[in-house]
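Undergrad: Before we start, here is the structure in question, set down as structure tokens.
The values are calculated or read from the model by the stated rules, or taken from the named source; none is laboratory data. What you see is a predicted model; the values in this text were computed from it and never measured. Neighbour counts run over all protein chains shown; Cβ positions are idealised from the backbone, glycine included. These accessible areas exclude ligands, DNA and RNA; they are computed on the full protein's heavy atoms, side chains included. Shrake-Rupley method; radii C 1.70, N 1.55, O 1.52, S 1.80 Å.
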Amino acid sequence: MTKLLLSLAVGLAASAQNPEPTPGVERVAGSVDLGYRWIGTVGGDFQTYRSVVNLGEGVKLLGADLRYKHNHQWLDSFVVRGNGWGGEPSSTAFLEATKSQVYRLNFDYRAISYFNFLPSYADPTISQGIFLNQRSFDTRYRIYDLDLDLLPGKTVVPYFGWSRGENGGRGITNFVAEGNEYPVSTGLDYATDDYRGGVRFERRWLQGFLEQGGLRLNERQSLSTADRNTGNRTTPFVDRTLVLDNLLQSYRTDGSSIYTRAALNAAPASWINLNGQFLFSQPHLNTEFTGTENGTFVSTDPFFFFDSRTVAANSNARQPHSSATVGAEVRAFARLRVVNTYFTDRFHNASSLRAVESLLGGTTITDNARLEVNYNHNQTDAFYDAARRLTLRGGYRFVWGDARVRPAVSSGIEGLEAAGQRQHVGLAGLSYRPVEKVSINLDYEGASASKAYFRTSMADFQKGRARVRYTVSPSLSFTGMARVLDNRNPSPDVQWSFQAQDYGISSVWSPAQGKRFSVLADYTFSKIRSDILYLIPLNGRPTLSEYRDLANTATLAADFGLPSWRGQSGRLTAGGSLFVSEGSRSASYYQPMVRLSLPLERRLQLNSEWRWYGFTQPGYSYEGFRNHQLLVSLRFGF
């Protein structure tokens, strides 16, 4: 560490000897794109529009880019970029400051607005004419990343970092009681902080890093209502109507974790590469819950009606978690390359609970549970250059693991529950260039599983992919693609079959590097079929769930260079995209677009764009929308 600090001080002293800017270097450059978006009247359902598009009206900072260069004592270059500001659903900002061989500082900010209120989703009351998504969200997620490298470009680089993710907003969720469910307002507040520091090192034949970090988690969720709520049940329970009159629930979770990460990549000889990664963490969570509800409720075991209840609970959990990856690439012969990768992931979760309930004179529950999961896979691939333009690939992947659960005492299940995973996968492929202008890539996987963790896990499957590219000329090319997946889980209580197919073709035509015009065309046909058994909760009978979808997706855009004016020329782009599907949930989505860019002065450009959004679902006509939008902006360069 003393040596690193000394090197840093020497670097700063050397940079201070010549603070003057280098002749000929542009000190400031960049651009700003400022505009206004007009949103026409949204026809149809506004909530669906917000769930799918969610663009707003008003002044927008569409983009900004500032670059500053100057050989200053503490700074060589400074970069600031941003886009999507002014009420947009996605906004970003980026800052970078550097001093050659002294430091490099990066700061990245991203904000994403998430709105989901599709009326037909999670709405058991829709047959009553009530359009209320009972699992809806209106939240904003923010991500902050700060990284500082010291002595960049040196053999040993110390670094420090901080990341934060936070999510807050409102939503609707269900308060679940025996015999009924009640949609209520929900408040969400979530944040994680990640602090880390370490050192990277790089030699000609050895690279790696060692990192130590810590995480902190805070999550808050509240459910509340003060209005009479009859819930989703439309009939009395025995002879009474179940009602929620007042509810106040609060969840609070606080957690922390330390972790250690390390990675190493070595090339001790020209014919071999070795690599490895290791991660160990030990999260700890503490959760507190309090709840008070008033109304008319029922208990079925034992049977009685009651009008109020309070619950207070506290639980904690620990989860030691370790994972590692070890790999090697061997080039024993000129035409043969063998790559082997082994990955293992292991964790166990131990938890305890203490809850106090006010019913039946007050009840105290203490409980604990434990979960252990081990997952492993090993994959070997061999690549053989059979000819100058032909490479063959063959491989094998073995996946295995086990899980054991000691259920909570209150569940009534005794002993350990165990599950396993065991799967053999064969791999094959080729890369072939029969002539200079044609390339062909084929990949195939075939698997057989004797055990699977989940009902919808990949079990016995066949998967293939093909890609063909034909370059007719430097200005014209065609690409074809096909993907096929057939997955089956033949377990008697599952009997899941899933098939997915995608076939597509795309073309780019750009004569004279697009100076006059260029055309982009893309089309994809996809097909999905799923059949799986499930149990009806009311009677426990197995029933087949079927899902079908046939979809067509297409994009066509033409870009034209306009006649020059004052030595500059503008661009006109017209086209759009469409999606049309038939099946279990048929839908149509159209998005035509026209864009015009005109240079006004050497550093000033006028941009305008018109878009139309049209979304319909034949089976859910109330969930469609249509909308015109116009965006006009000025881009200043400096």
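Undergrad: List the number of the failed condition for residue 123; all other conditions in (1) acidic (Asp, Glu); (2) touching a residue at least 40 places away in the same chain (Cβ under 8 Å); (3) not in a strand (DSSP E or B) hold.
TA: Every condition holds for residue 123 apart from (2).
Undergrad: Further, regarding this structure: Output the number of the condition that residue 198 fails; it satisfies all remaining conditions of (1) closer than 20 Å to residue 232 by Cα; (2) open to solvent by less than 30 Å² (accessible area, probe 1.4 Å).
TA: Only one criterion is unmet by residue 198, namely (1).
Undergrad: Could you list, in sequence order, all residues of segment 557-581 that are open to solvent by 70 Å² or more (accessible area, probe 1.4 Å) and either part of a loop (DSSP other than H, G, I, E, B) or in contact with a helix residue (DSSP H, G or I) (Cβ under 9 Å, 6 or more places away or on another chain) (or both)?
TA: Scanning segment 557-581 gives 563, 564, 566, 567.
Undergrad: Mind listing whichever residues of segment 147-177 are surrounded by fewer than 16 Cβ atoms within 10 Å (Cβ to Cβ) and of a type in the set (A, V, I, L, M)?
TA: If the condition is that a residue be surrounded by fewer than 16 Cβ atoms within 10 Å (Cβ to Cβ) and of a type in the set (A, V, I, L, M), then 156, 176 are the ones that fit.
Undergrad: Same structure, new question: For segment 256-278, state whether one or more residues are surrounded by fewer than 16 Cβ atoms within 10 Å (Cβ to Cβ), modelled with pLDDT of 95 or more and of a type in the set (Ser, Thr, Tyr).
TA: Within segment 256-278, one or more residues are surrounded by fewer than 16 Cβ atoms within 10 Å (Cβ to Cβ), modelled with pLDDT of 95 or more and of a type in the set (Ser, Thr, Tyr).
Undergrad: Looking at segment 610-638, I want the residues that are modelled with pLDDT under 95 and have a partner that is of a type in the set (D, E, K, R) with Cβ atoms under 6 Å, at least 6 apart or on another chain. Which pairs are those?
TA: Cβ pairs passing all conditions: 617/623; 623/45; 637/603.
Undergrad: Consider segment 598-637. How many of its residues are in a strand (DSSP E or B) and under 23 Å from residue 40 (Cβ atoms)?
TA: Of the residues in that region, 21 qualify.
Undergrad: Separate question: Only one of (1) among the aliphatic types (A, V, I, L, M); (2) more than 29 Å from the chain's Cα centre (by Cα); (3) buried (at least 17 other Cβ atoms within 10 Å of the Cβ) is not met by residue 371, so which one is it?
TA: Failed condition: (2).
Undergrad: Just to verify a result, which residue in segment 279-316, among those that are surrounded by fewer than 16 Cβ atoms within 10 Å (Cβ to Cβ) and charged (D, E, K, R), is farthest from residue 178 (Cα to Cα)?
TA: Restricting to residues being surrounded by fewer than 16 Cβ atoms within 10 Å (Cβ to Cβ) and charged (D, E, K, R), the top hit is 288.
Undergrad: Would segment 149-160 turn up any residue that is in contact with a strand residue (DSSP E or B) (Cβ under 9 Å, 6 or more places away or on another chain) and either free of Cβ contacts under 8 Å to residues at least 24 places away in the same chain or under 30 Å from residue 49 (Cα atoms) (or both)?
TA: Within segment 149-160 (the criterion being in contact with a strand residue (DSSP E or B) (Cβ under 9 Å, 6 or more places away or on another chain) and either free of Cβ contacts under 8 Å to residues at least 24 places away in the same chain or under 30 Å from residue 49 (Cα atoms) (or both)), the answer is no, since none of the residues qualifies.
Undergrad: To continue, here is another question. Return the residue satisfying two criteria in turn: it lies in segment 476-509 and is at pLDDT 95 or above and over 32 Å from the mean Cα position of the chain (by Cα), and of such residues it is nearest to residue 553 (Cα to Cα).
TA: Checked segment 476-509; the qualifying residue nearest to residue 553 (Cα to Cα) is 509.
Undergrad: Condition (residue is surrounded by 16 or more Cβ atoms within 10 Å (Cβ to Cβ), among the β-branched types (Val, Ile, Thr) and part of a strand (DSSP E or B)) applied to segment 48-64: is it met by at least one residue?
TA: Within segment 48-64, not a single residue is surrounded by 16 or more Cβ atoms within 10 Å (Cβ to Cβ), among the β-branched types (Val, Ile, Thr) and part of a strand (DSSP E or B).
Undergrad: Please go through segment 256-291 and give me each residue that is of a type in the set (Phe, Trp, Tyr) and touching a Gly at 6+ places or on another chain (Cβ under 7 Å), ordered by number.
TA: The answer is 259, and nothing else.
Undergrad: Looking only at segment 113-144, filter to residues that are within 30 Å of residue 97 (Cβ to Cβ) and among the aromatic types (Phe, Trp, Tyr); which one of those is farthest from the chain's Cα centre (by Cα)?
TA: Restricting to residues being within 30 Å of residue 97 (Cβ to Cβ) and among the aromatic types (Phe, Trp, Tyr), the top hit is 144.
Undergrad: Let me ask you something else. For segment 206-217, which positions are surrounded by fewer than 17 Cβ atoms within 10 Å (Cβ to Cβ) and in contact with an Asp or Glu (Cβ under 6 Å, 6 or more places away or on another chain)?
TA: 216
Each row is one residue, and each column tells you yes or no for (1) modelled with pLDDT under 95; (2) under 24 Å from residue 120 (Cβ atoms); (3) surrounded by fewer than 15 Cβ atoms within 10 Å (Cβ to Cβ).
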site: 549; (1), (2), (3): no, yes, no
site: 553; (1), (2), (3): no, yes, no
site: 584; (1), (2), (3): yes, yes, yes
site: 603; (1), (2), (3): yes, no, yes
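Undergrad: Looking at (1) at pLDDT 85 or above; (2) within 30 Å of residue 364 (Cβ to Cβ), find the lone condition where residue 443 falls short.
TA: Here residue 443 clears every test but (2).
Undergrad: Which ones in segment 586-630 are among the β-branched types (Val, Ile, Thr) and closer than 17 Å to residue 53 by Cβ?
TA: Hit for segment 586-630 is 616, nothing else.
Undergrad: For the structure I just gave you, tell me whether residue 388 is surrounded by 14 or more Cβ atoms within 10 Å (Cβ to Cβ) and basic (Lys, Arg).
TA: So residue 388 fails the test.
Undergrad: Could you give me the residue pairs with C-beta distances under 8 Å whose first residue belongs to segment 176-205 and is within 30 Å of residue 277 (Cα to Cα), whose second residue is assigned to a loop (DSSP other than H, G, I, E, B) and among the hydroxyl-bearing types (Ser, Thr, Tyr) wherever it lies, and which are 6+ apart or on separate chains?
TA: Within 8 Å, the pairs are 201/155; 202/155; 203/155.
Undergrad: Being touching a Pro at 6+ places or on another chain (Cβ under 8 Å), over 30 Å from residue 396 (Cα atoms), surrounded by 16 or more Cβ atoms within 10 Å (Cβ to Cβ) and not β-branched (Val, Ile, Thr) is the requirement here; does residue 319 meet it?
TA: yes
Undergrad: Out of segment 420-430, which residues are open to solvent by less than 50 Å² (accessible area, probe 1.4 Å) and over 28 Å from the mean Cα position of the chain (by Cα)?
TA: 426, 428, 429
Undergrad: Could you list, in sequence order, the residues of segment 245-255 that are buried (at least 17 other Cβ atoms within 10 Å of the Cβ) and of a type in the set (A, V, I, L, M, F, W, C)?
TA: Residue satisfying the conditions is 247 alone.
Undergrad: Any residue that is under 25 Å from the mean Cα position of the chain (by Cα) and acidic (Asp, Glu) - is there at least one of those in segment 145-160?
TA: Yes, because at least one residue in segment 145-160 is under 25 Å from the mean Cα position of the chain (by Cα) and acidic (Asp, Glu).
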